[in-house]
1. Would you call residue 145 within 25 Å of residue 435 (Cα to Cα) and crowded, with 23+ Cβ neighbours inside 10 Å?
2. Check 177, 130, 135 and return the single one that is assigned by TED's automatic domain parsing to the domain that holds residue 431 and crowded, with 22+ Cβ neighbours inside 10 Å.
3. For region 247-265, give me each residue that is in contact with a helix residue (DSSP H, G or I) (Cβ under 8 Å, 6 or more places away or on another chain) and under 19 Å from residue 373 (Cβ atoms).
4. Going through region 189-213 one residue at a time, which ones are within 22 Å of residue 130 (Cα to Cα) and either out of contact with any strand residue (DSSP E or B) (no Cβ under 9 Å at 6 or more places or on another chain) or free of Cβ contacts under 8 Å to residues at least 12 places away in the same chain (or both)?
5. Listed residues 110, 121, 116; which is touching a strand residue (DSSP E or B) at 6+ places or on another chain (Cβ under 8 Å) and either away from ligand 1 (no atom under 13 Å from the Cβ) or farther than 19 Å from residue 252 by Cβ (or both)?
6. Out of the residues in region 169-180 that are out of contact with any strand residue (DSSP E or B) (no Cβ under 7 Å at 6 or more places or on another chain) and not in a helix (DSSP H, G or I), state the one that is nearest to ligand 2 (Cβ to nearest atom).
7. Take the residues of region 323-340 that are assigned to a loop (DSSP other than H, G, I, E, B) and surrounded by 20 or more Cβ atoms within 10 Å (Cβ to Cβ): which is modelled with the highest pLDDT?
8. If I filter region 372-396 down to residues being assigned to a helix (DSSP H, G or I) and in contact (Cβ under 8 Å) with a residue 40 or more places away in the chain, which single residue comes out as farthest from ligand 2 (Cβ to nearest atom)?
Ligand SMILES: *[C@@H]1O[C@H](CO)[C@@H](O)[C@H](O)[C@H]1NC(C)=O
Ligand SMILES: *[C@@H]1O[C@H](CO)[C@@H](O)[C@H](O)[C@H]1NC(C)=O
Ligand SMILES: *[C@@H]1O[C@H](CO)[C@@H](O)[C@H](O)[C@H]1NC(C)=O
């Protein structure tokens, strides 16, 4: 959507600064090499049942870990080296000259966690991807002068303390780590106190967002930390009704799925291959759900799916982990995305990216970037109470409008909007976040004071 004129101007600028191209080329080479290294060493993709906390350790072979640790070491020592200034080909003028300052916090708040390479690849890793993406935007949206910033990004990674018992992130420390980061920036800079944090931006990529607890009853009892309540939170959790975990200015963002793993999956799928699985789901399906303080996993929806369709030949339902599950999604017509503990699921992103029609079963879910992704056109929503009728519902769709939905799903802009790239690309998830922030510029203290100049 870049006009020819803009393109020419950009080109002119680039030729004038041709030495930048040499720099650019070296960085591209650097990225290509590190991409290839990362690519080869990438951890097995998380099983889609990762939201369901089974008691199995995730595969993280020691050898891989050590090798990629070395790669990360060399990358994280110098910010300017990992995230070199570059001009991503994205049109930033649409953001109304939005300027973001990214706090340079001590590494214990963020990059130290990257020593475990799962930290930047698992389903909660949008906190990492977005930080990297913003840092790569230097000179465009990202400013190094906090005095001209509209928003302040506080990069705290809270999802990377993987439990040695079950392999899942322990987020008990999230509140204190964030509090500590806020105390630090409010002591060292004048900007937090100026607005009590209302132009400060955080990520909370957990089940229940900035309530920082996996179980809804605990999450809602704890609520949003008081210290965060004035700020803007980018979170994967969102519902259409009033909920204590979104009692804060927020933007719903997609869960993180590695663009590299998707690319790898797509590369291995023959273009002409028919989708031979009708209805697909792989993940935790409890046959006898446990009562955990009055709550049942997936509100028993998954149990009902298993009970009703476990032996139905149209349904391919699997309860075990399988590293190659993305290729199964790519082979499927309908992909079930039922709630787990929280309504959202990484399957939403994977289904869309791999062209499988997402069947959303999570009452009241608020989906990411509704202006960029017209969810009703590319997915189906089935009420939790209707899960026993899934068979008929999907048959009906197959006979009527399935091909329309599949056609809508082919739109590349829809897939792009759900993925975080580094550097960001026009229309991708980071771009959508920037656009959402550009609609909140009334919160910018810098802009309010400049208005009087
Ligand atoms: C990681 O989680 C464990 C268990 O919840 C906790 O005891 C520990 O303090 C956490 N580590 C850090 C560095 O926050
Ligand atoms: C901001 O307020 C806190 C709490 O009142 C105070 O400790 C801190 O010194 C203030 N920061 C600045 C930069 O004045
Ligand atoms: C397809 O049909 C179903 C009803 O069977 C309807 O709920 C849905 O909105 C339709 N979707 C599109 C994109 O036409």
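The values are calculated or read from the model by the stated rules, or taken from the named source; none is laboratory data. Every value quoted in this text rests on a predicted model; they were computed, and no experiment measured them. Positions of Cβ are backbone-derived with ideal geometry, glycine not excepted, and every protein chain shown enters the neighbour counts.
1. Details: within 25 Å of residue 435 (Cα to Cα): yes; crowded, with 23+ Cβ neighbours inside 10 Å: no.
Criteria not met by residue 145.
2. Working: 177 fails: crowded, with 22+ Cβ neighbours inside 10 Å; 135 fails: crowded, with 22+ Cβ neighbours inside 10 Å.
Result: 130 is the single residue among 177, 130, 135 that is assigned by TED's automatic domain parsing to the domain that holds residue 431 and crowded, with 22+ Cβ neighbours inside 10 Å.
3. As a first pass, look at region 247-265 and keep what is in contact with a helix residue (DSSP H, G or I) (Cβ under 8 Å, 6 or more places away or on another chain): 248-251, 253-257, 260-262, 264-265.
Hits for region 247-265 are 250, 251, 253, 254, 255, 256, 257, 262.
4. As a first pass, look at region 189-213 and keep what is within 22 Å of residue 130 (Cα to Cα): 191-192, 197-213.
207, 213, listed by residue number.
5. Values: 110 fails: touching a strand residue (DSSP E or B) at 6+ places or on another chain (Cβ under 8 Å); 121 fails: touching a strand residue (DSSP E or B) at 6+ places or on another chain (Cβ under 8 Å).
Of the residues listed, the single one that is touching a strand residue (DSSP E or B) at 6+ places or on another chain (Cβ under 8 Å) and either away from ligand 1 (no atom under 13 Å from the Cβ) or farther than 19 Å from residue 252 by Cβ (or both) is 116.
6. The qualifying residue nearest to ligand 2 (Cβ to nearest atom) is 173.
7. Our first condition is that a residue be assigned to a loop (DSSP other than H, G, I, E, B); within region 323-340, this holds for 323-324, 331, 339-340.
Among the residues that remain, those that are also surrounded by 20 or more Cβ atoms within 10 Å (Cβ to Cβ) are: 339-340.
On the way: 339: 97, 340: 94.
The residue in question is 339.
8. From region 372-396, those assigned to a helix (DSSP H, G or I) are 375-378, 384-396; that's our starting set.
Then keep just the ones that are in contact (Cβ under 8 Å) with a residue 40 or more places away in the chain; that gives 384, 387-388, 390-391, 394.
Working: 384: 45, 387: 50, 388: 55, 390: 54, 391: 59, 394: 56 Å.
Looking at residues that are assigned to a helix (DSSP H, G or I) and in contact (Cβ under 8 Å) with a residue 40 or more places away in the chain, I get 391.
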